[in-house]
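J.: Below are the structure tokens for one structure; questions will follow.
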Ligand SMILES: [Zn+2]
């Protein structure tokens, strides 16, 4: 017998379901993109030290692979998408590496027309570009779009835009207008500390972005903290909470937020869902002498 079957070179559709009380959560991958490790990926560390941390986590040196994992929450009465991934248009741009959210959503049995709400955490492209379909139409035509009021106030303010440094930050202002103008700016703003939906409470976790928001989802005795980008890759930034990723808007505030959130996660032994964690992006956190360590949940065939 020889192995003559052609290798398919593709993975199965990526989604993972689990229960939080009566709620069903489905982590749905948008894919992941790999880039060379930039000199300033961690602005307050040398590249050699970042490579050493990658080695500790058994990751390849000189490159970073960043996964994107939005989630779908079914509360029993509402179907809620939380963050959208990098958008369908990104599928071609990345040769299929990312922009997979809608395909995997469908594979997970969801109809985009049935989504009641889309809750956006902050206005970085990987989190909200997917509000638009490949032809710049609403990707979730029947959904109410919820955005953090603080985030909206900053990025949609023309005065703030006029003072923004050219390059990445200026582009983020322009991109927010591109996406929300295509939606006729039809959004509902929400405040931190309040519920965005029954059992889903918005938590201010500012720093990564001016209005960056996380969530506690609770139902019955179940609870999960949706940390969004409190850390980027946990292998680097949970294990080294003092490291500042170059895309943190206010790195000092982001670090304070990170330490506060991770102290809480470790103390309360609370499950965490992390947008840039390894798929399915669900873990627990423990404190270590130098920071924190993420322990991925064990896979279970039954939700
Ligand atoms: Zn992100």
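J.: Which of (1) over 25 Å from residue 104 (Cβ atoms); (2) crowded, with 23+ Cβ neighbours inside 10 Å; (3) within 14 Å of the ligand (Cβ to nearest atom) does residue 262 not meet, given it meets every other one?
T.: Looking at each condition in turn, residue 262 falls short on (3).
J.: Just give me the residues in the stretch 8-37 being out of contact with any helix residue (DSSP H, G or I) (no Cβ under 8 Å at 6 or more places or on another chain) and assigned to a loop (DSSP other than H, G, I, E, B), in sequence order.
T.: Of everything in the stretch 8-37, those that are out of contact with any helix residue (DSSP H, G or I) (no Cβ under 8 Å at 6 or more places or on another chain) and assigned to a loop (DSSP other than H, G, I, E, B) turn out to be 8, 9, 10, 11, 12, 21, 22.
J.: Under 6 Å between Cβ atoms, at least 6 apart or on separate chains: pull out the pairs that start in the stretch 103-126 with a residue that is within 18 Å of residue 78 (Cα to Cα) and end on any residue that is within 16 Å of the ligand (Cβ to nearest atom).
T.: Matching pairs, first to second residue: 105/28; 108/28; 115/81; 118/81; 119/82; 120/128; 120/147.
J.: Out of all the residues in the stretch 109-125, which are surrounded by fewer than 21 Cβ atoms within 10 Å (Cβ to Cβ) and within 13 Å of the chain's Cα centre (by Cα)?
T.: 125
J.: So, in the stretch 1-56, exactly how many residues are closer than 23 Å to residue 299 by Cβ and in contact (Cβ under 8 Å) with a residue 40 or more places away in the chain?
T.: Number satisfying all stated conditions: 20.
J.: Test residue 50 against the criterion of being under 22 Å from residue 127 (Cβ atoms) and surrounded by 14 or more Cβ atoms within 10 Å (Cβ to Cβ), and give yes or no.
T.: So residue 50 does not fit the description; no.
J.: Run down 253, 271 and say which single residue is away from the ligand (no atom under 15 Å from the Cβ), closer than 15 Å to residue 214 by Cβ and in contact with a strand residue (DSSP E or B) (Cβ under 7 Å, 6 or more places away or on another chain).
T.: 271
J.: Yes or no: the stretch 188-204 includes at least one residue that is farther than 25 Å from residue 142 by Cα, at pLDDT 95 or above, touching a helix residue (DSSP H, G or I) at 6+ places or on another chain (Cβ under 8 Å) and within 16 Å of the ligand (Cβ to nearest atom).
T.: For the stretch 188-204, residues farther than 25 Å from residue 142 by Cα, at pLDDT 95 or above, touching a helix residue (DSSP H, G or I) at 6+ places or on another chain (Cβ under 8 Å) and within 16 Å of the ligand (Cβ to nearest atom): absent.
J.: Might you let me know whether the stretch 108-116 holds any residue that is in a strand (DSSP E or B), in contact with a strand residue (DSSP E or B) (Cβ under 6 Å, 6 or more places away or on another chain) and at negative phi?
T.: Checking the stretch 108-116: not a single residue is in a strand (DSSP E or B), in contact with a strand residue (DSSP E or B) (Cβ under 6 Å, 6 or more places away or on another chain) and at negative phi.
The values are calculated or read from the model by the stated rules, or taken from the named source; none is laboratory data. Keep in mind it's a predicted model, so treat the numbers as computed, not measured. Reconstructed Cβ throughout: ideal geometry from the backbone, glycine too, with neighbour counts over all protein chains shown.
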